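Accompanying notes for the structure given below.
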Amino acid sequence: MAEWVAACAVDDVDEEDVIRFDHGGRSFAIYRSPDDQFFATDGFCTREKAHLADGLVMDEIIECPKHNGRFNYKTGQAKGAPVCVNLRTYPVKVEAGKVMIEID
Ligand code: FES
């Protein structure tokens, strides 16, 4: 069953940045876009076990720290070699200064 979980405070993530959030044995990446919206994806790259929170946010792109694979963190779409499997994304909402993500 899906549940909304508080991932972090709004102020924990700078604009155009990403942080790691671990919950229930899973790991996620929480993004704040340059236009001040929040997004969430699986934390690990779909190619190997590199955490995307160690990567670089550029506009709507997250660049993996390991082989520089790129994903659109808003849609999860892999943007080409070396990554070809899309990232899973999660619904996000902001409530009372907290960033909430919906996890199943
Ligand atoms: S582990 Fe992410 S691109 Fe290689």
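Select from segment 17-55 the residues that are part of a loop (DSSP other than H, G, I, E, B) and closer than 22 Å to residue 67 by Cβ and write down the one among them that is modelled with the lowest pLDDT. Give the steps one after another, and end with the answer.
Step one: of segment 17-55, the residues part of a loop (DSSP other than H, G, I, E, B) are 24-25, 33-37, 43, 45-50, 55.
In the following step, the residues that additionally are closer than 22 Å to residue 67 by Cβ were identified as 43, 45-50, 55.
Details: 43: 98, 45: 98, 46: 98, 47: 97, 48: 97, 49: 94, 50: 98, 55: 98.
Across segment 17-55, the extreme among qualifying residues is 49.
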State whether the residues of segment 78-88 include one that is farther than 24 Å from residue 2 by Cβ, in contact with a Pro (Cβ under 9 Å, 6 or more places away or on another chain) and basic (Lys, Arg). no
Could you tell me which numbered condition residue 81 fails, if it satisfies all but one of (1) out of contact with any strand residue (DSSP E or B) (no Cβ under 9 Å at 6 or more places or on another chain); (2) more than 12 Å from the ligand (Cβ to nearest atom)? (2)
Number of the exception - residue 44 against (1) over 23 Å from residue 1 (Cβ atoms); (2) away from the ligand (no atom under 12 Å from the Cβ); (3) under 10 Å from the mean Cα position of the chain (by Cα): (2)
Pull up segment 26-53, narrow it to residues that are of a type in the set (Lys, Arg) and without any contact (Cβ under 8 Å) to a residue 40 or more places away in the chain, then point me to the one that is surrounded by the fewest Cβ atoms within 10 Å (Cβ to Cβ). 49
Without any contact (Cβ under 8 Å) to a residue 60 or more places away in the chain, buried (at least 16 other Cβ atoms within 10 Å of the Cβ), of a type outside the set (Ser, Thr, Tyr) and near the ligand (Cβ under 9 Å from one of its atoms): does that describe residue 87? no
Taking segment 56-65 as the region of interest, how many residues are assigned to a loop (DSSP other than H, G, I, E, B) and either surrounded by fewer than 16 Cβ atoms within 10 Å (Cβ to Cβ) or not charged (D, E, K, R) (or both)? 3
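The values are calculated or read from the model by the stated rules, or taken from the named source; none is laboratory data. Values in this document were obtained by computation on a predicted structure and should not be read as measured data. Virtual Cβ from ideal backbone geometry, glycine too; neighbours counted across all protein chains shown.
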